[in-house]
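Engineer: Okay, handing you the structure first.
The numbers here are math on the coordinates, done by the rules we state, and not lab data. Bear in mind that the values here come from a model prediction, so they are computed numbers and not experimental data. Ideal geometry is used to build each Cβ from the backbone, glycine not excepted, and the neighbour counts take in all protein chains shown.
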Amino acid sequence: MIILRQGQRGPQVEMLQLALNRAGFNAGPIDGVFGPNTLNAVLRFQSSRSLTQDGIVGPATWNALRPYLVGYTTYRIRAGDTLFRISTSRNIPLQTILIANPNVSPANLIVGSELILPFPFDIVADNVTLTYELMELYIEGIVTRYPFVRSGILSTSSSGTRNIYNLVIGTGSNQVMYNATHHANEWITSLLLMKFIEQYAKAYAHGYNIAAGTPAETPADLLYDYSTIHFVPMVNPDGADLVTGGILPNTELYNIARSISQNYPNIPFPSGWKANIYGVDPNLQYPAGWTEARRIKFAQGFTSPAPRDFVGYGPLTINESIAMANYTSANDFRLTLSYHTQGRVIFWKYLDYNPPNSEQIGRLFANLSGYALEITPYESGHAGYKDWFIQDFNRPSYTIEAGLGTSPLPLSQFPTIYNENRGILVMAALVT
């Protein structure tokens, strides 16, 4: 985490404001501006933790704020403690403590052992820019508070500086996979999956229904037992961080991208960036009509590394797409969803391939979301993940273009996007 001072702006300040507000030190609305309100909150927080009151958010202050980003703290059991007493004194429901500590026996607490104590708020915030750093904190919090959620690392990004994570929920034989942010400036789709992961885990842990109030409302335990859902929430973390501001100006990766963008001055930088950090589009990398995609994109002028639409020097030649292909080949996914923005459209077909029930399932998704079900235009219909999955596995696969407007979409659209898609995210794991 970078050192922050008054006057700075950006997603790191949003993260600071989120932590301060959750800790009870009102920094005002989350706006990414380190102004007087945020400074005052930092000073009060530092005083409460016996830290140097300098208003500078350095390692010690970040360390003290970290629990409010991951959503839990720890407690070392003392002689005479009971879970009921700890629950009452910390105002944390006993069931919440038991969920986070499945190996702890309430009747046999071991003095000196450590308990996870979840805070009484959801981890994933939908009013804060999702940088890679914040996503990592969310993942840590989710798998700690809900230990039945499994996480792993598929690969490093092309730069080697960020991981491509997967998360898995469920024990059923019906395996499906949802991915997001192949394209950098479509990072809001990563937030969509992260929020769904947490809400699903919470519903299962507490015995709730998921997608409550929608036609897709389902007991979470039924979904958990029937299906195993695999999530890859951020396929292109380098590119996403370039767009969100997680990669700071005048750093090595920023300068690499900036140099590439200067060859394409009509594409705004960095907001128009879709590619990985080296200018290769991860969703034009799959071996399904790659040569045709190359012909089309070269004719459009994308003949070298670019902010978008450069297919690379061959199929599956960048870490991001290789990781997705390897993960898919190693599993038995019966259906996949690839989230993009924008247009409120669901694309379901590749060329003349027609996997069983694909159109019917697509119509169900369209009815649940209000999105249009369409066939991908030929000029855009090659070398994408969906295309490759349909071609090689002959199973349903969908590209879902969420929201409306110019990417990156504003966070103000997120509540609508989430409500439109949560039914799809449930039913996609039940229809095969």
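Engineer: Would you mind counting up the charge near THR171? Only other residues with Cβ under 12 Å from its Cβ, with Lys and Arg at +1 and Asp and Glu at -1.
Structural biologist: Its environment carries a net charge of -1.
Engineer: For region 1-70, list log₁₀ I(q)/I(0) at each q in 0.12, 0.13, 0.21, 0.28 Å⁻¹, using the Debye formula over Cα point scatterers of equal strength and ignoring solvent, two decimals each.
Structural biologist: -0.23, -0.27, -0.75, -1.51
Engineer: So how far apart, in nm, are the two label points at ASN91 and THR406 if each is 7 Å from Cα heading toward Cβ?
Structural biologist: For the pair ASN91/THR406, the computed spacing is 4.5 nm.
Engineer: How large is the dipole of region 64-130 about the Cα centre if only Lys and Arg carry +1 and Asp and Glu carry -1, each at its Cβ, rounded to the nearest 20 debye?
Structural biologist: 260
Engineer: Something else now. What are the ³J(HN,Hα) couplings of region 346-361, residue after residue, when phi is run through the Karplus curve with 6.51, -1.76, 1.60 and θ = phi - 60°? Round to Hz, x for glycine and proline.
Structural biologist: Listing the rounded values in order: 10, 9, 10, 10, 9, 6, 9, 5, 9, x, x, 6, 4, 5, 4, 5 Hz.
Engineer: So if I average 1/r over every pair of distinct C-alpha atoms in region 54-174 and take the inverse, what Kirkwood radius in Å does that give?
Structural biologist: Radius from the Kirkwood sum: 16.6 Å.
Engineer: So for THR88, THR131, fewest C-beta neighbours within 10 Å to most, what's the order?
Structural biologist: Going from least to most buried by this count: THR88, THR131.
Engineer: Related question: Please find, in a Gaussian network model of the chain (springs between Cα atoms separated by less than 10 Å), the residue of GLY112, GLY55, GLY370 whose mean-square fluctuation is greatest.
Structural biologist: GLY112
Engineer: Can you check what the Kirkwood hydrodynamic radius comes to for region 72-118, Cα pairs only, in Å to one decimal?
Structural biologist: 10.5
Engineer: Rounded to the nearest 500, what is the chain's calculated 222 nm mean residue ellipticity when only DSSP H runs of at least 4 contribute -39500 (n - 2.57) each, over all residues?
Structural biologist: Value at 222 nm, helices only: -11500 deg cm²/dmol.
Engineer: Stretched out fully, how many nm does the piece from THR171 to ASN255 gain, at 0.36 nm a residue minus the Cα gap?
Structural biologist: Answer, rounded to one decimal: 25.8 nm.
Engineer: Using alpha-carbon positions, what is the distance between the centroids of region 159-208 and region 1-55, in Å?
Structural biologist: Their Cα centres are 29 Å away from one another.
Engineer: Right, something else. What's the center-to-center distance, using Cα atoms, between region 374-399 and region 74-131 in Å?
Structural biologist: Between the Cα centres of region 374-399 and region 74-131 lies a distance of 45 Å.
Engineer: Follow-up question, since we're still on this one. Between ALA372 and GLN262, with labels modelled 7 Å along Cα→Cβ, what's the label distance in nm to one decimal, could you check?
Structural biologist: 4.0
Engineer: Calculate, for ASP54 and ASN127, the FRET efficiency according to 1/(1 + (r/R0)^6) with r their C-beta to C-beta distance and R0 30 Å; round to the nearest 0.05.
Structural biologist: Efficiency, rounded to the nearest 0.05: 0.60.
Engineer: Can you tell me which of GLN413, GLN199, GLN175 moves the most in a GNM of the chain? Springs connect C-alpha atoms under 10 Å apart.
Structural biologist: Among GLN413, GLN199, GLN175, the largest mean-square fluctuation in the Gaussian network model of the chain belongs to GLN413.
Engineer: Let me ask something else about it. Which ³J(HN,Hα) values, rounded to whole Hz and listed in residue order, are derived for region 316-333 from phi using the Karplus coefficients 6.51, -1.76 and 1.60 in 6.51 cos²θ - 1.76 cosθ + 1.60 with θ = phi - 60°, glycine and proline given as x?
Structural biologist: Couplings: 6, 10, 10, 4, 4, 6, 4, 4, 5, 5, 5, 5, 5, 5, 7, 10, 10, 5 Hz.
Engineer: State the dimensionless ratio Rg/Rh of the chain (Rg: radius of gyration of Cα atoms; Rh: Kirkwood radius).
Structural biologist: Result for the chain is an Rg/Rh of 0.99.
Engineer: Still on this structure, I have one more. What pairs in LYS195/LYS349; LYS202/LYS274; LYS274/LYS297 have C-alpha atoms more than 25 Å from each other?
Structural biologist: LYS195/LYS349; LYS202/LYS274
Engineer: By how many degrees, between 0 and 90 and to the nearest 10, does the Cα long axis of helix 252-261 differ from the longest principal axis of the chain?
Structural biologist: 30
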